[in-house]
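These notes are about the structure you will find just below.
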Amino acid sequence: MPDIMEKKYYPTIGLEIHAELKTNTKMFCACKNDPDEEKPNVNICPVCMAHPGALPVPNKKAIENVIKVGLALGGQIADFTEFDRKNYFYPDIPKGYQISQYKYPIVSGGKLLGTDITRVHLEEDTGTNKHIDSPQVGPVGSHRSDLGANGYSLIDFNRAGVPLMELVTEPAIHSAKEASDFARELQLLLCYLDVSEANMEKGEMRVEANISVSPDPKILGTKVEVKNLNSFRSVERAIKYELNRMTKLLEEGLGNEIVQETRGWDESKSETFSQRKKEGSADYRYFPDPDLPKMKLHEAFDLEKIKKELPELPGAKRERYRKDFGIKDEDIEVYINGLELAKWFEDVAKILAQKDSIKILSNYVTSDYLGFKKNNSDIKLPSSKNFVELINLVTENKISSRAAKDILAMIVIKDESPLKIATEKGLLQSSDPEALKKIAQKIIDANPKTVADYKGGKEQALMSLVGVIMKETKGSANPSVAKQLLIDLLK
């Protein structure tokens, strides 16, 4: 019988991702949907505070936003859908239940990064717990009743009732990186569709991971849910930790200690911790909300029109950049993640037209411009005209790559003609063989040891002499011409 330590264990991960939607008002009332509001409990009303007799009215824009997501994912948009009451009791849920969707979600199926989507549905967000620090108070965002004598919680209901999209994947992800890549791609998609800011730092997008490990790839292990992961780094680290924890228990023959539960993630300790037993759907006592109408989405929305009006999505944009521009995948991701930069890049690329020139353009943007930007956030993109002029000076060998970097550093501060700068500062490359020949001979005479090294077979010595010529001419010499002149003179 093989040692248990030799067994292979198979991880399976499914994600539940919540994203607050961009709308003017909340999901079921006219209160402002403002994620940047700093004063507590100002965007509230009898409806979102569940006062007796107050009736909810669905936000049509929020429903349309979820339909856009469903169409972008290639999912099936439900004809019939309805809202349900999900019953559970926490202080940040004023009704004692959450309006959500259970049996009839707006979207079924679809794919993203090759991962199958189970459903996308719409619900309302909860309020926000503000825990006053105490040794006995749990982490911010956790639901704790054992606050102790020195701790207490306050609740801000500004977020209560904000439209919240929930996307659920199939249990078809098998690594922590795959999970974080999926979450990143979904955030991108939401931003491209302009349905959510999906800013994880503000809690506008939250990830929950359902994780299991099994010695049999055909059988799922006991599922553990890790909730409220608020950064991609946390998603990856929490899943890795949990996979290692469960695998270790299985290897030690303690698989019975893996129980179906909800766990939290402690960022400071880099570990998960048990919060509560995981509820099943029966515990929530779902039933259709009697105060909200049933909906026939195919009648209420022109789905074909919405589909035609969808913007170019990240996947399609990647393919177009590979085909049209031929640039590196790493460069493509820079533009995929920076919409303003991508638009500017395409404007310049359209003028340059030639793929070789566009590749040079992309190298200067991703390596040099973004390097300057990292060190000085105030710098701006130069005009398309001036950047085209800079690239043309490089491709026509009128300036060296060193001079191009220096000119770029100037035009991001003051948007001027690169040709004008190169002329004024003597950066235009000289290709005059007679003028360079005199300089090359002077360099040869002044560096007998380097010359001897070159004649002794050290090719690098030649490039050292080219470097001296470039320094002597302040970068204005054409390095190719200088190199050939040296070869001819040293024969």
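Since every read-out is calculated from the coordinates, none of them should be taken as a lab result. This structure is a prediction, so every number in the text was calculated from the model and none was measured. Heads up, the Cβs are rebuilt from the backbone with ideal geometry, glycines too, and the neighbour counts pull from every protein chain shown.
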On a 0 to 90° scale, report how tilted helix 384-395 is relative to the longest principal axis of the chain, with both axes built from alpha carbons and the result rounded to the nearest 10. 50
For Ile117, what residues show an amide H to amide H distance below 5 Å, using hydrogens built from the backbone and excluding near sequence neighbours? Gly110, Lys111, Leu112, Glu170
Shape of region 4-306, Cα gyration tensor, a/c cut at 1.5: oblate
Tell me, what HN-Hα J-couplings in whole Hz come from the Karplus equation 6.51 cos²θ - 1.76 cosθ + 1.60 at θ = phi - 60° for each residue of region 9-18, using x for Gly and Pro? 10, 10, x, 9, 10, x, 10, 10, 10, 9
Could you tell me how many degrees, from 0 to 90 and to the nearest 10, lie between the Cα long axis of helix 433-446 and the main elongation axis, the longest principal axis, of the Cα atoms of the chain? 90
For region 203-218, what does the Karplus curve 6.51 cos²θ - 1.76 cosθ + 1.60, with θ = phi - 60°, yield as ³J(HN,Hα) per residue in whole Hz, taken in order and with x for Gly and Pro? x, 7, 9, 10, 10, 10, 10, 9, 10, 9, 9, 9, x, 10, x, 8
Any lysines whose Cα falls less than 20 Å from that of Lys307, other than same-chain ones fewer than 8 residues away, would be Lys22, Lys60, Lys61, Lys68, Lys111, Lys296, Lys317
How tilted is helix 339-352 with respect to the longest principal axis of the chain? Cα atoms for both, answer in degrees (0 to 90, nearest 10). 30
Mind putting a number on the dipole of region 319-468 about its Cα centre? Charges go on the C-beta only, +1 for Lys and Arg and -1 for Asp and Glu, and I need it in Debye to the nearest 20. 340
Taking θ = phi - 60°, what integer Hz values does the Karplus form 6.51 cos²θ - 1.76 cosθ + 1.60 yield along region 417-424, in sequence order, with x for Gly and Pro? 5, x, 5, 4, 5, 4, 5, 5
Sparse-neighbourhood loop hits (GluC sites (Glu not before Pro), region 408-488; DSSP loop; Cβ within 10 Å at most 16 others) -> Glu416
